[in-house]
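Note sheet for the following structure.
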Amino acid sequence: MGLINTVSGKIDTKDLGCTLVHEHLLLRSEIVTFQFPHLYDEEKLYHKAVEAVMAVKAQGVKTICDPTVAGMGRDVRFLDKVASETDMQIVTATGYYSFTEIPTHFQNRDIDYMAEAFIRDIEVGVQNTNIKAGFLKCSADAQGISPDLEKVFRAVARAQKRTGVPIMTHSHPASGNGLKQLEIFQEEGVNPKSIMIGHTGDSDNLDYIHQVLDSGAYIGADRFGQGPLEWAKRYSTLLELLKQGYANRIFLSQDYCCSIDWYPEEAVAEMLPDWSITFLLGEVIPQLQKEGVTEEQIHTIMYENVRHWFEGK
């Protein structure tokens with residue numbers, strides 16, 4: 001057992017309950033948010049998040065991990081307000097999200113300087129609050145791991161070593177960069193059981209997925225309702241992995257964004273008609289059960305894996 005930082009305070013890992021490990025309650029462009037705040041209806045954004053959280057709470061969800069970090073418009077005061085309204089356990093993250101560059105401020109300072117910023121979020125508080133981050137997040141996509149991004153990955157690894165909190169990544173399976181991510185973490189001495197290579201479920205390449213699993217890390221099949229892999233392949237790959245006995249190594253989630261300003265709201269609904277925060281528990285898991293996935297396997301995925309990830313087991 002161990003203690004986890006939530007936006008409302010510490011909880012024991014045994015109290016996590018049913019957990020959605022990768023959902024965004026608010027995601028927006030930081031520059032636009034800071035420079036043009038009139039473009040946002042804050043009350044509408046808040047009510048959308050509350051409505052979504054209450055919907056999954058009704059499905060039995062007790063905890064939501066929100067990996068919105070710097071570069072994605074992280075707002076821990078917003079998360080705290082939603083948590084207070086809904087009585088949901090919300091775990092926020094620290095780290096940096098980019099597919100290319102990092103701010104010049106960090107480019108001109110060393111890895112340990114960035115690591116200390118992440119450690120402060122975990123040990124002291126985020127954005128000059130007493131709200132502490134409970135896990136680390138870093139990202140790389142089709143562009144590969146640039147020198148800037150490698151600095152982030154190594155800073156995340158060093159923060160993990162100091163604090164013990166787990167790591168979640170954004171990866172791009174089509175280019176195989178989850179393996180490069182693992183290589184960096186291994187060089188830095190991170191326990192692989194504290195790592196989740198996110199978006200691995202975007203691939204149906206079982207050879208690649210097995211290489212990630214063979215490292216000892218967890219994988220995220222965490223984009224149900226969206227992502228580059230069509231539903232049938234995503235579903236059949238997951239079923240095959242479960243048949244092979246990997247229920248204890250997989251996370252299921254949706255990478256849902258209650259609000260995202262990257263596109264006009266109507267465009268998101270048109271592009272991703274099945275995307276919702278209730279899709280996994282309302283549609284995906286019942287279908288898995290029809291295919292013979294057991295209650296024990298579902299419980300392992302939705303309850304036990306997240307506890308072990310936080311505990312580094």
Determine the order of TYR218, TYR97, TYR303 by accessible area, beginning with the largest, at a probe radius of 1.4 Å.
TYR303, TYR97, TYR218
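Write out the GluC sites (Glu not before Pro) in region 195-303 meeting two conditions: DSSP loop, and at most 11 other Cβ atoms within 10 Å of their Cβ. It would help to have the intermediate numbers written out before the result.
On the way: sites: GLU230, GLU240, GLU265, GLU266, GLU270, GLU283, GLU291, GLU295, GLU296; in loops: GLU230, GLU291.
In loop regions of region 195-303 (DSSP not H, G, I, E or B), the sparsely surrounded GluC sites (Glu not before Pro) are GLU230.
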Through the Karplus equation 6.51 cos²θ - 1.76 cosθ + 1.60, θ set to phi - 60°, convert the phi angles of region 216-223 into ³J(HN,Hα) values in whole Hz; use x for Gly and Pro.
x, 7, 8, 10, x, 9, 10, 10
Taking Cα pairs closer than 8 Å and at least 6 residues apart, the relative contact order of region 102-202 in percent is 26 percent
What whole-number distance in Å separates the alpha-carbon centres of region 67-141 and region 193-271?
22 Å
Taking N as its residue count, the alpha carbon Rg of region 242-302 over 2.2 N^0.38 Å
1.39
Given backbone amide H placed at 1.01 Å from N, residues whose amide H is under 5 Å from that of LEU136, ignoring those fewer than 5 places away on the same chain, are THR94, ILE167, MET168
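If you wrap a convex hull around the alpha carbons of region 191-245, what volume per residue comes out, as a whole number of Å³?
Working: hull volume 3.8 nm³, N = 55.
Roughly 69 Å³ of hull volume per residue.
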List the residues, sorted by chain then number, that are 5 or more residues from PHE99 or on another chain and whose placed amide H is less than 5 Å from its amide H.
none
From phi via Karplus (6.51, -1.76, 1.60), per-residue ³J(HN,Hα) for region 292-301 in Hz, x at Gly/Pro
x, 5, 8, 4, 5, 5, 4, 5, 4, 5
Can you check how the C-alpha radius of gyration of region 201-313 compares to 2.2 N^0.38 Å, as a plain ratio?
1.10
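Between GLU116 and PHE34, what's the calculated FRET efficiency when r is the beta-carbon distance and R0 is 41 Å? Round to 0.05. Can you show the working numbers first?
Numbers: r = 23 Å, r/R0 = 0.57.
FRET efficiency, GLU116 to PHE34: 0.95.
State, to one decimal in nm², a quarter of the convex hull surface area for the C-alpha atoms of region 3-53, i.e. the direction-averaged projected area. Mind showing how you got there, number by number?
Values: hull surface 19.2 nm².
Average of the hull's projected areas for region 3-53 equals 4.8 nm².
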Determine the share of the chain's accessible area contributed by carbon and sulfur atoms, expressed in whole percent, with a 1.4 angstrom probe.
49 percent
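Normalised by the number of residues in region 179-295, what is the relative contact order in percent for Cα pairs under 8 Å and 6+ residues apart?
Details: 130 pairs, mean separation 27.4, N = 117.
The value is 23 percent.
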Restricting the calculation to Cα positions, tell me the Rg (one decimal) and the Dmax (whole number) of region 1-104 in Å.
14.5, 45
In whole Å, what are the extents of region 153-222 along the principal axes defined by its C-alpha atoms, from largest to smallest?
35, 21, 17
Under the Karplus curve 6.51 cos²θ - 1.76 cosθ + 1.60, θ = phi - 60°, whole-Hz ³J(HN,Hα) for region 187-201, x wherever Gly or Pro sits:
4, 8, x, 7, 4, x, 6, 9, 10, 10, 7, x, 6, 4, x
Given contacts defined as C-alpha pairs under 8 Å and at least six residues apart, what's the relative contact order of the chain, whole-number percent?
20 percent
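Expressed as cubic angstrom per residue, what is the convex hull volume of the alpha carbon set of region 104-179? Could you put the intermediate results ahead of the total?
On the way: hull volume 7.1 nm³, N = 76.
Per-residue hull volume (Cα only) is 93 Å³.
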Simple spin-label model, 7 Å along Cα-to-Cβ: GLN244 to HIS47 in nm?
4.7 nm
Can you give me the P(r) profile for region 64-206? Cα pairs, bins 10 angstrom wide beginning at 0, each as a whole percent.
12, 43, 34, 11, 0
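Based on DSSP H runs of at least 4 residues, each adding -39500 (n - 2.57), what is the mean residue ellipticity at 222 nm of the chain after dividing by all its residues, to the nearest 500 deg cm²/dmol? List each step's numbers first, then the result.
Details: 13 runs with 127 residues, N = 313.
It lands at -12000 deg cm²/dmol.
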Under a plain spin-label model, where a point goes 7 Å from the Cα along Cα-to-Cβ, how far apart in nm are HIS210 and LEU3?
4.3 nm
Regarding region 209-274, what are the three Cα extents along the principal axes, ordered largest first, in Å?
40, 22, 16
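The values are calculated or read from the model by the stated rules, or taken from the named source; none is laboratory data. Computed from a prediction, not measured in an experiment: that's the story for all the values here. As a convention, Cβ positions derive from the backbone with ideal geometry for all residues, glycine included, and neighbour counts pool all protein chains shown. Just the protein is used for accessible areas: all its heavy atoms, side chains included, with ligands, DNA and RNA removed. Shrake-Rupley method; radii C 1.70, N 1.55, O 1.52, S 1.80 Å.
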